[in-house]
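Working notes for the structure below.
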Amino acid sequence: MTIIFDSLTGQTKRFATSLGFDAIHIKLYEGEPKDNLFLVTRSINFGQIPETTKNFLDSYKDHVVGVAVSGNKNWGENYGKAGDKIEAQYKIPLILKFEGSGFKSDKETVKNWLLRQQEGKRSK
Ligand SMILES: Cc1cc2nc3c(=O)[nH]c(=O)nc-3n(C[C@H](O)[C@H](O)[C@H](O)COP(=O)(O)O)c2cc1C
């Protein structure tokens, strides 16, 4: 499993690099994936998916097993909405929305999900 993160100000990077798997910035990822990918991205501009994430998914969506999305609850109904859009448009399971760089419990939720994936179990 490799974690791909889309981060502008560092919050999703902090979350992604705390999960205990190899993690790489979305703009640096290239080539043919050798293992499953897990995406950590963010919401921008009223719940939109960042262009960098869209470009990545257009190439790699078939390899992405799940997504976690950072946001801020101050955005109300648009909180983490990029995650809902990715799930609907790309059919990638949304595992978690989290605020900022996430609480310890958020990291544990995603980490445990990733470990279960590695064990070959499919659960959300
Ligand atoms: C211009 C701007 C627009 C944002 N729009 C949303 C939004 O619509 N929904 C949301 O949940 N968070 C929104 N956020 C919050 C970011 O998703 C959040 O701060 C995220 O942790 C940023 O990740 P990064 O530090 O890795 O770039 C917005 C932040 C900025 C600066």
Query raised in the report: Short version: ³J(HN,Hα) in whole Hz for each residue of the stretch 46-57, in order, from phi by Karplus 6.51 cos²θ - 1.76 cosθ + 1.60 (θ = phi - 60°), x for Gly and Pro, what are they?
Result: 6, x, 7, 7, x, 4, 4, 5, 4, 4, 4, 5
Report task. Read phi for every residue in the stretch 83-90 and hand back ³J(HN,Hα) as whole Hz from Karplus 6.51 cos²θ - 1.76 cosθ + 1.60, θ = phi - 60°, with x for Gly and Pro. Result -> x, 5, 5, 5, 4, 6, 7, 10
Query raised in the report: What number of lysine-lysine pairs in the stretch 24-87 show an alpha-carbon separation below 24 angstrom, given a sequence spacing of 8 or more or placement on distinct chains?
Result: 13
Report task. Just read off the accessible area of residue 113 with the full protein assembly in place, 1.4 Å probe, to the nearest 10 Å². Result -> 10
Query raised in the report: When the Karplus curve 6.51 cos²θ - 1.76 cosθ + 1.60 is applied with θ = phi - 60°, which whole-Hz ³J(HN,Hα) does each residue of the stretch 32-43 get, with x for Gly and Pro?
Result: 8, x, 9, 9, 5, 10, 10, 9, 10, 10, 9, 9
Report task. Mind listing the long-range amide H neighbours of residue 42? Cut-off is under 5 Å, sequence gap 5 or more, other chains count too, H placed in the peptide plane at 1.01 Å from N. Result -> 70
Report task. May I ask you to derive the FRET efficiency for residue 55 and residue 77 from their Cβ-Cβ distance with R0 = 25 Å, giving the value to the nearest 0.05? Result -> 0.45
Report task. Could you please state, rounded to a whole Å, how far the C-alpha centre of the stretch 1-28 is from the C-alpha centre of the stretch 47-91? Result -> 14
Query raised in the report: How large is the accessible surface per residue of the stretch 2-118, computed with a 1.4 Å probe and reported in Å² as a whole number?
Result: 53
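Give me the mean projected area, in nm² to one decimal, of the convex hull enclosing the Cα positions of the chain. Don't jump to the answer; show the numbers that get you there.
Values: hull surface 27.7 nm².
Convex hull of Cα atoms, orientation-averaged projection: 6.9 nm².
How much length is gained if the chain between residue 104 and residue 88 is pulled fully straight, taking 0.36 nm per residue apart and subtracting their Cα-Cα distance, in nm to one decimal? Mind showing how you got there, number by number?
Numbers: separation 16, 0.36 × 16 = 5.76 nm, distance 2.75 nm.
Answer, rounded to one decimal: 3.0 nm.
Could you grab the relative contact order for the chain? Cα pairs under 8 Å, six or more apart, rounded to a whole percent.
On the way: 218 pairs, mean separation 30.2, N = 124.
Dividing the mean separation by the residue count of the chain yields 24 percent.
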Query raised in the report: Taking the mean number of other Cβ atoms within 10 Å as a proxy for protection, how do you rank 63-72, 46-55 from highest to lowest?
Result: 63-72, 46-55
Query raised in the report: Check residue 99: other-chain or 5+ apart residues with amide H under 5 Å from its amide H, H built from backbone geometry?
Result: 71
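The values are calculated or read from the model by the stated rules, or taken from the named source; none is laboratory data. Keep in mind the model is a prediction, meaning the values are calculated, not measured. With ideal geometry, Cβ positions are generated from the backbone for all residues, glycine too; neighbour counts draw on all protein chains shown. Accessible surface is based on the protein model in full, side chains and every heavy atom, while ligands, DNA and RNA are left aside. Shrake-Rupley method; radii C 1.70, N 1.55, O 1.52, S 1.80 Å.
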